[in-house]
1. Arrange the peptides 258-267, 128-137 so that the one whose residues have, on average, the most other Cβ atoms within 10 Å appears first.
2. Quick one: which residues, 5+ away or cross-chain, put their amide H under 5 Å from the amide H of ALA217? H built at 1.01 Å from N.
3. Once you wrap a convex hull around the alpha carbon atoms of region 142-247, what is its projected area averaged over all directions, in nm²?
4. Calculate, axis by axis, the spread of Cα positions in region 243-298 along the three principal axes, and write the results as whole Å, longest axis first.
5. How high is the FRET efficiency between ALA103 and ARG185 when r is their beta carbon distance and R₀ equals 35 Å, given to the nearest 0.05?
6. Just to check I understand the Karplus step: with θ = phi - 60° and J = 6.51 cos²θ - 1.76 cosθ + 1.60, what whole-Hz values come out for region 179-185, glycine and proline as x?
7. Report the equivalent ellipsoid semi-axes for region 218-355 in whole Å, largest first, defined as the square roots of five times the eigenvalues of the gyration tensor built from alpha carbon atoms.
8. Please give the charge dipole size of region 211-341, origin at the Cα centre, charges +1 on K and R Cβ atoms and -1 on D and E Cβ atoms. Round to the nearest 20 debye.
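The values are calculated or read from the model by the stated rules, or taken from the named source; none is laboratory data. Everything numeric in this text was worked out from a predicted model, so none of it was measured. Cβ atoms come from the backbone with ideal geometry, glycine included; neighbour counts cover every protein chain shown. Surface accessibility is based on the protein's heavy atoms, side chains included, excluding ligands, DNA and RNA. Shrake-Rupley method; radii C 1.70, N 1.55, O 1.52, S 1.80 Å.
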Amino acid sequence: MTDLDERIVQTLRDRAEGTVDTDRLLRASHARGRRRQLHRRVAAGTALSLVGALGVVGVTGTGLDGLTGRLPWTATTSTGATPVPPRATGVPGAAGDPALVGADPQVLHFGLDPARARYLGWEVIRDQVETVRLSVAGSEEVRIDVGRSSELNSSVNIDGTSFEVTELGRPIFDGAIRPVSGMARGLVKLWQPAPGLYARAVMLHGDRAVLNQAVEALRWKEARRCAGPLRLGALPEGAKVTNCEVDIDSYPRMVTARFGLQRTAMENMSVEYRYASTVGTYTEADRTIGGRPALLSAKGTRLELVGIPRTRVIADFGWPWDGERPASIFTEAEATALLGDVKFSEDPTQPQSWE
């Protein structure tokens, strides 16, 4: 979700007279492609006019990025190559042990050759799928999903477009490239990189050569950590990390990282890091966490560390629910302890600080 989205949703929460289904808004805006689409669409002037109309306060800085004399599109300069997730030392790749795929939500069991393709993002969902998003020679996004089951999730989101990748009958993992049903130019390739391992490559606009190049850039004998500019410390008692997601498709202008935590079906928490070179510094606070100013939302289910230039670090611990708030959710005290122990990079354009 973009910074603009966040401020709009927060203002709706704080000012609504009736019931506002903010959780539905948040779930919808969490789609990676929507973030990328909005990044392209929303100009800085539009963002400021909307924020002003909604009456959002607590932002300082002489420019959109909080830096004097810099236009937003020149605020950040890349300090090196696009980030690559670091190797997971001593962990076999998917080809060596397919049973490990999805077992650890903080480890990817395959990678890609950075000389042949560029990482756009990566994600691991516990016991389900590992995903890498990439581009080849500046081409459009190609999404790679890998799992231990042939029943991969049919719902796919690429560059702001959600669609279903389905086949009549049982999916055929034969390596053939086929059109995506209902998509004018969508292409999909299903194959087995190793016995017990199932992979799918999808792109929105058909280019068979690019799709094949993306597949050829994959590396199945290596493992990499789902590393990003946010690192968790001690977890709340009984909680487990369920997913890890890092988005760098707009690097170095924007970098996001997200961890999902779960204790029971109704006890979920997300911890997110959002860096955008074109925003200022949030200063409104009503408490302190680990020596840093922080702000609790009006509903009391969301904590944010503030005062960090161009960066937001947020724990959302009151979802999901429909209607009444459930009795059993993570508490403010648990979210406070979690945020007090996180480590994050104050300059995510320096990937070495992600280690």
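1. Details: 258-267: 17.3, 128-137: 21.2.
Order by mean packing, descending: 128-137, 258-267.
2. Sorted by chain and number, the residues that satisfy this come to none at all.
3. Details: hull surface 35.6 nm².
Mean projected area of the Cα convex hull: 8.9 nm².
4. Dimensions of region 243-298 along the principal axes of its Cα atoms: 37, 31, 21 Å.
5. Working: r = 35 Å, r/R0 = 1.01.
That gives a FRET efficiency of 0.50.
6. In residue order, the calculated couplings are x, 7, 4, x, 10, 4, 10 Hz.
7. On the way: eigenvalues 123, 84, 34 Å².
Taking √(5λ) for each eigenvalue gives 25, 20, 13 Å, largest first.
8. Numbers: 17 positive and 17 negative charges, 89 e Å.
Roughly 420 debye, rounded to the nearest 20.
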